[in-house]
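S.K.: Mind having a look at this structure? Questions to follow.
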Amino acid sequence: MLAENRIASAFETMLSTIAVPPVPLAAILARASVVPPEGTRAFAPRSRPYLRFAVAAAAALVLTCALLPRASLAVFERFVFESGAAADRFFHQHSTWTPPPPPPETLERQLSFERVSLAAAQAKVRFAIVPPVGVPADAALTAIETVPVLVYDKSTKSWAKGSPALSFEYRRSRGREFSLWAEEDDARTGVPPKYMWDAEDLPGGKVSLTKYAHFAWVNGGQMTSATEGDGISAAEIAAIRAAMHGQPVVHTAPETIEKRYGVP
């Protein structure tokens, strides 16, 4: 653990050398507040804690620390705002990220989720599937599910249906769960995020943001990703990557598309 002054110094150094996109908190909170009709499945950015639309934001993290009292190392992991509106205003003031327009409803209605076998999954994706290995000993695969994807092209400013991703769902001891995602490695999406943020409504109208480390690696044309959380640790994810012989993700071109993922 680092003392507060060393943490602040480390963040200052990091900010001077790394360009990191801001947290799209408005999109997080807006989608998190939508309750789908009973018996339906919502299409939204994935959340808790596998939110794919939220990205790393070291600058926003430091700004948040300046706004909130700093008492311990935990403040760099979880932040509490007095209201969703306050958090939303703050990130609007310090964010240069502009969300794309919503996709057409007609396009969203074409999307669906499906639990499939590994063989059936291979027929639905455009990459050679490399199944996860090296998962914790108490983890059992409960499902493989296709995840619908919409792609927003920044040059044409249009939405289109993309190739689905796959979610490998696991259950382990003490009721814990986690997911590993596999999708086509697409350089147009830019550099994968280093963190994911979980937005949660709290009593009294407060909102908390929790930061989780996010990891991604490639095997051929497949990019696998996982986010630490209650169900799996960063060390366990590293063990999976090593067992899969995963390679670093190398995306040097600028981001030209944004992906929007569905959740079951």
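S.K.: Filter the stretch 189-238 for residues that are hydroxyl-bearing (Ser, Thr, Tyr) and in a loop (DSSP other than H, G, I, E, B) and give the result.
M.R.: Correct list: 233 only.
S.K.: Output the residues belonging to the stretch 106-128 that are closer than 16 Å to residue 145 by Cβ, hydrophobic (A, V, I, L, M, F, W, C) and part of a helix (DSSP H, G or I).
M.R.: 118, 119, 120, 121
S.K.: Considering only the stretch 150-181, state which residues are among the β-branched types (Val, Ile, Thr) and within 14 Å of residue 261 (Cα to Cα).
M.R.: 151
S.K.: Considering only the stretch 142-155, state which residues are part of a loop (DSSP other than H, G, I, E, B) and hydroxyl-bearing (Ser, Thr, Tyr).
M.R.: Selection gives 155 alone.
S.K.: Quickly run through the stretch 140-156 and pick out the residues that are touching a residue at least 12 places away in the same chain (Cβ under 8 Å) and over 18 Å from the mean Cα position of the chain (by Cα).
M.R.: Hits for the stretch 140-156 are 140, 141, 142, 143, 144, 153, 154, 155.
S.K.: State the number of residues belonging to the stretch 133-147 that are surrounded by 12 or more Cβ atoms within 10 Å (Cβ to Cβ), of a type in the set (Asp, Glu) and either out of contact with any Pro (no Cβ under 8 Å at 6 or more places or on another chain) or closer than 15 Å to residue 236 by Cβ (or both).
M.R.: The qualifying residues number 0.
S.K.: Next question. Does the stretch 156-167 contain at least one residue that is among the hydroxyl-bearing types (Ser, Thr, Tyr), in a loop (DSSP other than H, G, I, E, B), surrounded by fewer than 15 Cβ atoms within 10 Å (Cβ to Cβ) and at pLDDT 95 or above?
M.R.: For the stretch 156-167, residues among the hydroxyl-bearing types (Ser, Thr, Tyr), in a loop (DSSP other than H, G, I, E, B), surrounded by fewer than 15 Cβ atoms within 10 Å (Cβ to Cβ) and at pLDDT 95 or above: present.
S.K.: Let me ask something additional. Might you check whether a residue that is in contact with a Gly (Cβ under 7 Å, 6 or more places away or on another chain), among the β-branched types (Val, Ile, Thr), at pLDDT 95 or above and buried (at least 21 other Cβ atoms within 10 Å of the Cβ) occurs anywhere in the stretch 227-246?
M.R.: So far as the stretch 227-246 goes, yes, one or more of its residues are in contact with a Gly (Cβ under 7 Å, 6 or more places away or on another chain), among the β-branched types (Val, Ile, Thr), at pLDDT 95 or above and buried (at least 21 other Cβ atoms within 10 Å of the Cβ).
S.K.: Within the stretch 248-260, is even one residue among the charged types (D, E, K, R) and over 29 Å from residue 89 (Cβ atoms)?
M.R.: No, the conditions are met nowhere in the stretch 248-260.
S.K.: Here is a check on your reading of the model: is residue 224 of a type in the set (Ser, Thr, Tyr) and at pLDDT 95 or above?
M.R.: yes
S.K.: For the stretch 82-105, how many residues are surrounded by 13 or more Cβ atoms within 10 Å (Cβ to Cβ), touching a helix residue (DSSP H, G or I) at 6+ places or on another chain (Cβ under 9 Å) and in a helix (DSSP H, G or I)?
M.R.: 6
S.K.: I need the full set of residues from the stretch 161-189 which are in contact (Cβ under 8 Å) with a residue 24 or more places away in the chain and over 19 Å from the mean Cα position of the chain (by Cα), in order please.
M.R.: Hits for the stretch 161-189 are 161, 171, 172, 173.
The values are calculated or read from the model by the stated rules, or taken from the named source; none is laboratory data. Since this is a predicted model, take the numbers as computed values, not measurements. Note: ideal-geometry Cβ built from the backbone for every residue, glycine included; neighbour counts use all protein chains shown.
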